[in-house]
1. Once you list every other residue whose beta carbon is under 9 Å from the beta carbon of V214, what net charge do they have if Lys and Arg are +1 and Asp and Glu are -1?
2. Got a number for carbon plus sulfur as a percent of region 182-297's accessible area, 1.4 Å probe?
3. Take S161 and E36, extend 7 Å from each Cα along the Cα→Cβ direction, and tell me the distance between the two endpoints in nm.
4. For region 3-133, what is the charge dipole size about the Cα centre, in debye to the nearest 20, if Lys and Arg each add +1 at the Cβ and Asp and Glu each add -1 at the Cβ?
5. If Lys and Arg each add +1 and Asp and Glu each add -1, what is the summed charge of the other residues whose beta carbon sits under 13 Å from the beta carbon of M171?
6. For region 11-159, which whole-number percentage of the solvent-accessible area (1.4 Å probe, protein heavy atoms only) is attributable to carbon and sulfur atoms?
7. Determine the dipole magnitude for region 175-234: charges of +1 sit on the beta-carbon of Lys and Arg, -1 on that of Asp and Glu, nothing else is charged, the reference point is the Cα centre, and the result goes in debye to the nearest 20.
8. Over region 205-310, what per residue volume does the convex hull of the Cα atoms give, in whole Å³?
Amino acid sequence: MPARMGVEEEFHVVDVESGVMVDRAGSILSRLPGKEFTAELHRSVVESNSGVHASLEDLHTDLLRSRRLLDAAAARQGLAVAAAGTVPLGPPRPRGVTADDRYAHMADEYRRLVDEQLICGAQVHVDVPDRDTAVRVMCAVSPWLPVLLALSASSPFWLGSDTGYASWRTMVWQRWPTAGPAGCFESAAEYDATLDELVRSGVISDPGMVYYDVRPSAHLGTLELRISDACPRAETVVLLAGLFRALVTDATARLEDGAAPCACGGGRREWLRTATWRAARSGLEGDLIDPVTRMPAPASAVVRDMVRRLRPALEACGDWQTVRDLAERALADGSAAHRLRRVAHEEDLLACVDLITAETRGGSTLGSSPAPAPSAPSFVSAPLSPTMSPVALRRAARPAARAAGPELTGLAGTVGG
């Protein structure tokens with residue numbers, strides 16, 4: 001039986017007319033079931049929590065259902081939800097955090113870090129046998145996590161300007177004192193002792209503030225992937241889930257066969273940080289640091305080598321065909337950051353918001369036929385909606401907003417996500 005998996009997705013709330021982030025998550029959540037949809041640090045972000053699934057197809061169906069529920073609840077109020085690391089147009093003024101004692105403490109303690117935390121990620125949980133295994137697998141999978149970041153990269157814009165990065169969210173996120181690559185630990189006891197030490201230092205208030213790129217869940221029997229940007233396309237999230245489950249499955253089997261858990265150079269994290277920076281900078285459109293050679297290599301070669309190496313684990317989970325096809329589609333289409341830059345060049349940043357919200361709302365069919373050449377992906381896009389979306393309806397009526405699109409950068413007092 002393949003390990004089960006689940007996904008947490010974060011979504012920005014944007015005004016349909018202006019494309020600007022707004023602090024109206026509460027009004028959307030009031031129309032949705034509480035267990036599946038929750039508030040986040042900022043009032044401009046909504047989180048969805050998938051069910052637990054053994055198959056990628058079931059996960060895909062669940063993600064599309066959640067996104068459409070969110071979209072329907074938002075559309076009734078002139079809003080839309082956007083799954084991306086950042087939204088191109090920032091808020092017109094500083095935003096407050098969600099009413100919660102923990103969030104209030106974070107806002108007081110971390111100040112500008114919280115003000116500028118208007119970013120969104122996608123987290124994947126995979127079942128593990130026990131916490132000791134989770135800690136040891138955490139180290140074993142770490143070298144491949146920057147590749148997953150590159151596949152997810154969706155945040156090239158920040159407050160109305162191009163950052164030059166494919167994932168600016170990563171650069172914002174890594175300012176937290178506990179963010180970045182995880183260390184290597186021999187056991188859950190050693191890991192938990194480290195967390196206790198961090199809390200006693202007073203720098204963080206609880207273990208939930210350990211923001212490693214991958215970590216054992218604090219309340220579930222899972223290993224949690226945290227490096228990824230939120231992804232406009234649900235299919236990209238499915239690809240990340242399939243690859244991460246295969247990494248966990250492969251690492252678990254190797255540990256059972258007696259392999260050493262450390263795969264990142266005797267606990268050294270320097271090269272992992274550089275590999276993460278490279279992925280955040282280039283996405284799929286440049287070189288990545290090859291996890292095997294630790295030398296630069298084209299992203300397409302690194303992704304294909306990763307899929308090839310994971311084939312036995314992917315086949316064991318029943319995911320080989322789906323993941324191979326999704327990976328080829330991702331390489332053919334380019335990262336979300338690349339697609340957004342193309343739209344910005346051809347139109348403007350408001351059109352980028354249109355693209356993000358349309359892809360968030362839409363979906364594709366997961367195919368099962370043999371993988372075609374990259375020029376002819378096997379995934380056929382389904383209609384985004386049987387009726388015109390609010391974004392489409394406003395296009396003809398917003399010439400003034402389009403003309404002023406780039407000037408909206410001046411509205412933003414702070415940033416975040």
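The values are calculated or read from the model by the stated rules, or taken from the named source; none is laboratory data. A quick note: this is a predicted structure, and the numbers were derived from the prediction, not measured. Cβ coordinates were reconstructed from backbone atoms using ideal geometry, including for glycine residues, and neighbour counts include every protein chain displayed. These accessible areas exclude ligands, DNA and RNA; they are computed on the full protein's heavy atoms, side chains included. Shrake-Rupley method; radii C 1.70, N 1.55, O 1.52, S 1.80 Å.
1. Net charge around V214: 0.
2. 51 percent
3. 4.1 nm
4. Working: 15 positive and 22 negative charges, 99 e Å.
For this selection, approximately 480 debye.
5. Values: positive: R169, R175, R273, R278, R281; negative: E116, D229.
Net charge in that neighbourhood comes out at +3.
6. Numbers: 2460 of 5000 Å².
Carbon and sulfur together cover 49 percent of it.
7. Rounded to the nearest 20 debye, it is 320 debye.
8. Numbers: hull volume 15.4 nm³, N = 106.
Once divided by residue count, the hull of region 205-310 is 145 Å³.
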